[in-house]
Amino acid sequence: AREHIPRAVRQRIYTRDGFACRYCGRKRGHAVRLELDHFYPVSRGGNDDPDNLVTACFDCNRAKGARLLRDDDAVRRFVTEREAAISAMTRADWRRVLRRDLLLTAFVALVVTATFLALTRYVF
(Lines give C-alpha, C1' and ligand atoms only; values in the text may rest on other atoms or scores of the structure.)
Protein backbone atom coordinates (compact mmCIF):
# COMPACT_ATOMS: atom_id res chain seq x y z
CA ALA A 1 0.00 0.00 0.00
CA ARG A 2 1.19 3.50 -0.84
CA GLU A 3 1.87 5.97 1.92
CA HIS A 4 -0.38 8.97 2.41
CA ILE A 5 1.11 12.31 1.33
CA PRO A 6 1.29 14.44 4.50
CA ARG A 7 -0.95 17.49 4.74
CA ALA A 8 2.06 19.84 5.10
CA VAL A 9 3.54 18.51 1.84
CA ARG A 10 0.19 18.89 0.08
CA GLN A 11 -0.12 22.47 1.28
CA ARG A 12 3.43 23.25 0.14
CA ILE A 13 2.69 21.90 -3.37
CA TYR A 14 -0.60 23.84 -3.64
CA THR A 15 1.17 27.02 -2.50
CA ARG A 16 4.07 26.46 -4.91
CA ASP A 17 1.61 26.06 -7.78
CA GLY A 18 -0.44 29.12 -6.80
CA PHE A 19 -3.54 27.05 -5.96
CA ALA A 20 -4.06 26.53 -9.70
CA CYS A 21 -4.12 23.48 -11.96
CA ARG A 22 -0.73 23.16 -13.66
CA TYR A 23 -2.42 21.73 -16.76
CA CYS A 24 -5.33 24.09 -17.51
CA GLY A 25 -4.63 27.00 -15.16
CA ARG A 26 -7.99 26.97 -13.38
CA LYS A 27 -7.73 28.24 -9.83
CA ARG A 28 -9.28 26.77 -6.71
CA GLY A 29 -12.85 27.93 -6.41
CA HIS A 30 -16.42 26.91 -5.96
CA ALA A 31 -16.59 24.80 -9.11
CA VAL A 32 -12.91 23.76 -9.20
CA ARG A 33 -11.64 20.95 -6.98
CA LEU A 34 -7.87 20.72 -6.75
CA GLU A 35 -5.87 17.62 -5.93
CA LEU A 36 -2.32 16.38 -6.34
CA ASP A 37 -1.21 14.57 -9.48
CA HIS A 38 1.89 12.49 -9.99
CA PHE A 39 3.37 14.09 -13.10
CA TYR A 40 5.27 10.84 -13.68
CA PRO A 41 2.58 8.26 -12.74
CA VAL A 42 3.22 5.86 -9.86
CA SER A 43 2.04 3.03 -12.12
CA ARG A 44 5.00 3.84 -14.36
CA GLY A 45 7.60 4.14 -11.63
CA GLY A 46 6.88 7.65 -10.34
CA ASN A 47 7.12 8.42 -6.63
CA ASP A 48 5.65 10.78 -4.02
CA ASP A 49 8.62 13.15 -4.14
CA PRO A 50 7.41 16.79 -4.20
CA ASP A 51 9.27 17.31 -7.49
CA ASN A 52 6.96 14.70 -9.05
CA LEU A 53 3.77 16.17 -7.58
CA VAL A 54 1.77 18.93 -9.24
CA THR A 55 -1.51 20.63 -8.49
CA ALA A 56 -4.24 19.45 -10.87
CA CYS A 57 -7.95 20.06 -11.04
CA PHE A 58 -10.12 16.97 -10.72
CA ASP A 59 -11.02 17.02 -14.43
CA CYS A 60 -7.44 17.31 -15.71
CA ASN A 61 -6.18 14.67 -13.29
CA ARG A 62 -8.83 12.21 -14.51
CA ALA A 63 -8.21 13.11 -18.15
CA LYS A 64 -4.45 12.63 -17.80
CA GLY A 65 -4.77 9.37 -15.91
CA ALA A 66 -1.57 7.33 -16.07
CA ARG A 67 -0.42 8.91 -19.34
CA LEU A 68 3.10 10.20 -19.60
CA LEU A 69 3.54 13.74 -20.79
CA ARG A 70 7.12 13.27 -21.95
CA ASP A 71 7.68 16.27 -24.16
CA ASP A 72 6.51 19.83 -24.65
CA ASP A 73 4.31 18.85 -27.60
CA ALA A 74 2.46 16.27 -25.50
CA VAL A 75 1.96 18.78 -22.70
CA ARG A 76 0.81 21.45 -25.15
CA ARG A 77 -1.68 19.05 -26.79
CA PHE A 78 -3.01 17.93 -23.42
CA VAL A 79 -3.47 21.51 -22.17
CA THR A 80 -5.06 22.60 -25.46
CA GLU A 81 -7.55 19.71 -25.26
CA ARG A 82 -8.43 20.62 -21.65
CA GLU A 83 -8.84 24.32 -22.47
CA ALA A 84 -11.09 23.44 -25.42
CA ALA A 85 -13.23 21.18 -23.23
CA ILE A 86 -13.60 23.89 -20.59
CA SER A 87 -14.35 26.57 -23.20
CA ALA A 88 -16.98 24.33 -24.79
CA MET A 89 -18.94 24.10 -21.56
CA THR A 90 -22.29 25.77 -22.00
CA ARG A 91 -24.13 27.88 -19.48
CA ALA A 92 -26.28 24.81 -18.73
CA ASP A 93 -23.12 22.75 -18.05
CA TRP A 94 -21.87 25.37 -15.58
CA ARG A 95 -25.31 25.50 -13.94
CA ARG A 96 -25.19 21.72 -13.44
CA VAL A 97 -21.71 21.96 -11.90
CA LEU A 98 -22.74 24.77 -9.57
CA ARG A 99 -26.06 23.11 -8.67
CA ARG A 100 -24.21 19.89 -7.80
CA ASP A 101 -21.75 21.81 -5.62
CA LEU A 102 -24.54 23.75 -3.89
CA LEU A 103 -26.54 20.58 -3.25
CA LEU A 104 -23.47 18.85 -1.85
CA THR A 105 -22.74 21.84 0.40
CA ALA A 106 -26.36 21.90 1.61
CA PHE A 107 -26.27 18.14 2.27
CA VAL A 108 -23.05 18.41 4.28
CA ALA A 109 -24.50 21.32 6.28
CA LEU A 110 -27.61 19.26 6.99
CA VAL A 111 -25.58 16.25 8.15
CA VAL A 112 -23.36 18.42 10.37
CA THR A 113 -26.40 20.16 11.89
CA ALA A 114 -28.20 16.87 12.51
CA THR A 115 -25.07 15.37 14.08
CA PHE A 116 -24.58 18.43 16.27
CA LEU A 117 -28.21 18.33 17.43
CA ALA A 118 -28.01 14.60 18.14
CA LEU A 119 -24.80 15.04 20.14
CA THR A 120 -26.04 18.03 22.12
CA ARG A 121 -29.13 16.07 23.12
CA TYR A 122 -26.83 13.72 25.07
CA VAL A 123 -24.60 16.45 26.49
CA PHE A 124 -27.24 18.86 27.81
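Points to keep in mind about this one:
- Residue check for residue 121: assigned to a helix (DSSP H, G or I), among the basic types (Lys, Arg), under 14 Å from the mean Cα position of the chain (by Cα) and at negative phi: no
- Candidates 22, 100, filtered to the one that is assigned to a loop (DSSP other than H, G, I, E, B), surrounded by 10 or more Cβ atoms within 10 Å (Cβ to Cβ) and of a type in the set (Lys, Arg): 22
- Taking the criterion of being closer than 15 Å to residue 40 by Cα, modelled with pLDDT of 75 or more and not in a loop (DSSP other than H, G, I, E, B), the residues of the range 58-97 that qualify are 60, 61, 62, 63, 64.
- So residue 48, is it outside any helix (DSSP H, G or I) and surrounded by 15 or more Cβ atoms within 10 Å (Cβ to Cβ): yes
- Residue satisfying all of: in the range 25-45; part of a loop (DSSP other than H, G, I, E, B) and touching a Leu at 6+ places or on another chain (Cβ under 9 Å); nearest to residue 79 (Cα to Cα) among these: 26
- Checked against (1) more than 17 Å from the chain's Cα centre (by Cα); (2) surrounded by 15 or more Cβ atoms within 10 Å (Cβ to Cβ); (3) in contact (Cβ under 8 Å) with a residue 24 or more places away in the chain, residue 78 meets all criteria but (1).
- Enumeration of residues in the range 81-97 that are loosely packed, with under 11 Cβ neighbours inside 10 Å and not basic (Lys, Arg): 84, 87, 88, 90, 92
- Residue within the range 28-39 that is assigned by TED's automatic domain parsing to the domain that holds residue 83 and more than 13 Å from the chain's Cα centre (by Cα) present: yes
The values are calculated or read from the model by the stated rules, or taken from the named source; none is laboratory data. Source: prediction; values computed, not measured. Cβ sites come from the backbone with ideal geometry, for glycine too, and all protein chains shown count toward neighbours.
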